[in-house]
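Quick notes on the structure that follows.
The values are calculated or read from the model by the stated rules, or taken from the named source; none is laboratory data. Note that this is a predicted model, so its numbers are computed, not measured. Cβ placement follows ideal geometry from the backbone for every residue including glycine, while neighbour counts extend to all protein chains displayed.
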Amino acid sequence: MLAKGTLYICGTPIGNLGDITLRVLDTLRDADLIAAEDTRHSRKLLQHYQITTHLTSYHEHNEKKKSLELIERLKAGQTIALISDAGLPGISDPGSEIIRLCLEENIPVDVLPGPNAALTALVLSGMPSEHFLFYGFLPQASGERKRSLEHLSNCQETLILYEAPHRLVSTLQGLAEYFGEREAAVVRELTKVHQQVHKNSLPKLKEEFERTSPRGECCIVIAPYIPTKLVGGPDEWRNEVNQGIQQGLTKKDAMKDVAKRYGVRKSEVYQALLET
């Protein structure tokens, strides 16, 4: 029995339609309204389970306006189930706005757990899972993206990113530039028939997907940064970068070679050059 005037956050399958809880199914059947990220996409799930509850759209382009409308419905005593295209609303999907408003208005909110792409990919990748950082999608603006990569490059926890297939190669290239030869896994098509785990160094993964265009949403799981005991220091790094340039390397490639040889980040070598 659903509580009147309550917002139910419902986790839905990330691929395989069988990955849904009985509690979520009961809630979707009994709710007065289902707010869905993409009603066309969600209708396939509902038809599969013969659920006829009325649908309304709730997505990133109408989230603020629609949240106010849904709040009024909740105040009137309706029960609303919120779903995204896949996984749990509010995690890289619309949902946080209406949850925030509900809490401000003392409207009850309940979360019904379900599938999660980040955790599924983490376990499937075989990467260390004791401590991890979920970052979601990297910023698309060039400056913000570079700052994020710089910040994340020394993350000493396993790092989990989301990425769309058409941006995967460029993202792997950026990661390789800032993270070097770090081990990583690209996990695709989670829970579907063609689920795959591609595990290699970041540069090798970039080369692999340059040859074969990826399909389906991707999770990138990156091994933790492990600080190494430095041999040498800024003076040696500067000298070796200059030697590399004299031998015909670009400054960027010379810095990359020195960073790899000494087991430090390229940003540290760059900072050493600034200090001359």
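Before moving on, here are some points about what is shown:
- Test: P224 is closer than 23 Å to E157 by Cα, of a type outside the set (A, V, I, L, M, F, W, C) and either modelled with pLDDT of 90 or more or in contact with a helix residue (DSSP H, G or I) (Cβ under 8 Å, 6 or more places away or on another chain) (or both): yes
- Residue match in the range 21-33 (condition: touching a His at 6+ places or on another chain (Cβ under 7 Å) and over 15 Å from P115 (Cβ atoms)): yes
- Number of residues in the range 107-125 that are surrounded by 21 or more Cβ atoms within 10 Å (Cβ to Cβ) and of a type in the set (S, T, Y) equals 1.
- Total residues in the range 132-186, condition polar (S, T, N, Q), out of contact with any strand residue (DSSP E or B) (no Cβ under 6 Å at 6 or more places or on another chain) and in contact (Cβ under 8 Å) with a residue 40 or more places away in the chain: 3
- Some residue of the range 95-116 being closer than 15 Å to T191 by Cβ, not in a loop (DSSP other than H, G, I, E, B) and not assigned by TED's automatic domain parsing to the domain that holds G136: no
- Where strands (runs of 3 or more DSSP E) sit wholly within the range 142-210, those with at least 3 residues that are over 15 Å from the mean Cα position of the chain (by Cα) and surrounded by fewer than 19 Cβ atoms within 10 Å (Cβ to Cβ) occupy 196-201.
- Entirely in the range 1-94, the helices (runs of 4 or more DSSP H) that have 2 or more residues that are more than 27 Å from the chain's Cα centre (by Cα) and under 30 Å from H194 (Cβ atoms): 39-48
Matching residues to (1) out of contact with any Ser or Thr (no Cβ under 6 Å at 6 or more places or on another chain); (2) aliphatic (A, V, I, L, M); (3) closer than 16 Å to V24 by Cβ; (4) surrounded by 17 or more Cβ atoms within 10 Å (Cβ to Cβ):
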| position | (1), (2), (3), (4) |
| --- | --- |
| K44 | yes, no, yes, no |
| Y49 | yes, no, yes, no |
| L55 | no, yes, yes, yes |
| E69 | yes, no, no, no |
| L74 | yes, yes, no, yes |
| C102 | yes, no, no, yes |
| F132 | no, no, no, yes |
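- From the options E177, E183, residue that is among the charged types (D, E, K, R) and either under 22 Å from G90 (Cα atoms) or at pLDDT below 95 (or both): E177
- Any hit, the range 119-126, residues being farther than 18 Å from L202 by Cα, within 15 Å of the chain's Cα centre (by Cα) and touching a residue at least 40 places away in the same chain (Cβ under 8 Å): yes
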